[in-house]
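Q: The structure that follows is given in the form of structure tokens.
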Amino acid sequence: MKTYPPTPPLAAKPAFRLMRINPLLPLGEFFRQLGLLWLTMVVLAVGLTQIKDYPFSKNLAYSLCISTSIFLLSRLLGGLRGSTRMNWKIAVIAIPAGTAVGVFLAALATGTDLPRLFAEHPNQLVLTLVISLIFGTGFTYYFYSREAMAEAAAALREDALAHAAYEKQLAEANLRLLQAQIEPHFLFNTLSNILSLIRSEPQKAERMLEDLTDYLRVSLQRTRTDQVTLGDELMLLRAYLGIQQVRMGARLSYSIDVPAELNKLRLPPLIIQPLAENAVRHGLEPRAQGGWITVKARLSGEKLDIEIADTGAGMSEVAVPGIGLSNVRARLQALYADRAQFLMQPNQPHGLKIRLVIPIDRPAQPAV
């Protein structure tokens, strides 16, 4: 039998990293992200100038100062924390604090009398805070998700070069990579929809923002754990489908049929929501009339039987399933090998039906 040398210990992470916040984020990447942020802010300033009676130069100054303050403060807090993984505590501190600092700096740069401005235009403060919340949350989440994916990918490459003793660690890192693979188009499309609804349909904008907040909170929490409860997974699913229902209107209907006693069962995170997202994007959206999504779960012995069915386009040439299906299949294979099943078949009269059968991890019973 072939033998391998002892596994070298992993290098310890420094407790404080200020000048080098993330070894996977070189200076070029830092400025690339900052450039993308500034370019978006220029576009935002142009849009605000079209809908508000306010000079472009001042819109641009406020947009750049606020976004840059939030970006740099997030980086600083991440460095102090010793990790670039997204954390809701960082966002809660960085977004309002960065907004306040940015408003102050922009006022200095433009010679604006802030008390007078907000006295004459009271809605200005509310609009500034809403826009900062939307874009600050979106960009912070987007950048940190990209870095989480980069860290996981780097871990895969490093472990693959070591030797076969790292195989288990490679599988775990691969699962982390798949968990962190969040579709940025969904996030930015949702933020854009909220921004467009703020003035015309504020109630819909508020509902979509609440669903997005729930979605982000649950999804960020689960990126730091290997297992969640079925109830948590359904909470994420409802938040996602709620956002899509506001966006698509009567074209999207859904039902979730899961007995309450199954909510405490544990399963890997991001197993159900990617399949529902695939059904929306590749099944219902291509059809003018939209359709239904039905989610069911039942307990069969020591396995959980989950079914996600839609009445969309199905497995046609027009609707080709996205990466969500392959990701879920790969994760189930890495976690359970042949102990889990991933089945796809046409739904009747049209659409796609996906069935997952996975071993369950029952919660520990309290001591009597």
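Q: Apply the Karplus parameterisation 6.51 cos²θ - 1.76 cosθ + 1.60, with θ equal to phi minus 60°, to every residue of region 278-295 and state each ³J(HN,Hα) to the nearest whole Hz, in sequence, with x for glycine and proline.
A: Values per residue, Gly and Pro as x: 4, 5, 5, 5, 9, x, 8, 4, x, 9, 4, 8, x, x, 10, 10, 10, 10 Hz.
Q: What is the distance, in nm, between label points placed 7 Å from the Cα along the Cα-to-Cβ direction at R329 and at F30?
A: Placing both labels 7 Å along Cα→Cβ, they lie 4.2 nm apart.
Q: Relative to the compact-globule scaling 2.2 N^0.38 Å, provide the ratio for the alpha-carbon radius of gyration of region 222-280.
A: Working: Rg = 12.2 Å, N = 59, 2.2 N^0.38 = 10.4 Å.
For region 222-280, the normalised Cα radius of gyration comes out at 1.18.
Q: Compute the relative contact order of region 256-358 as a whole-number percentage, counting only Cα pairs closer than 8 Å that sit 6 or more residues apart in sequence.
A: 29
Q: Still on this structure: How far is it, in nm, from the label point at R355 to the one at F104 when both lie 7 Å from their Cα along the line to the Cβ?
A: 6.2
Q: So if we plug the beta-carbon distance of A153 and Q289 into 1/(1 + (r/R0)^6) with R0 = 56 Å, what FRET efficiency do we get, rounded to 0.05? Mind showing how you got there, number by number?
A: On the way: r = 40 Å, r/R0 = 0.72.
Once rounded, the FRET efficiency stands at 0.90.
Q: On full extension of the chain, what length is gained from R116 through T40, given 0.36 nm per residue of separation minus the C-alpha to C-alpha distance? Before the final figure, lay out the partial values.
A: Details: separation 76, 0.36 × 76 = 27.36 nm, distance 2.85 nm.
Result for the pair: 24.5 nm of gain on full extension.
Q: Listed here are the pairs K264/K353; K89/K303; K204/K303; which of them are more than 30 Å apart at the Cα? Don't skip to the end; give the middle numbers.
A: Numbers: K264/K353 25 Å; K89/K303 36 Å; K204/K303 39 Å.
From the list (K264/K353; K89/K303; K204/K303), the Cα-Cα distance tops 30 Å for K89/K303; K204/K303.
Q: Please give the contour-minus-distance gain from Y336 to S196: 0.36 nm per residue of separation, less the Cα-Cα distance, rounded to one decimal in nm. Walk me through the numbers before you get to the answer.
A: Values: separation 140, 0.36 × 140 = 50.40 nm, distance 4.39 nm.
Length gained, Y336 through S196: 46.0 nm.
Read-outs: derived from the displayed coordinates by stated rules, not from any lab. Quick caveat, the model's predicted, so the values are computed rather than measured. Glycine gets a Cβ as well: all are built from the backbone with ideal geometry, and neighbour counts include every protein chain shown.
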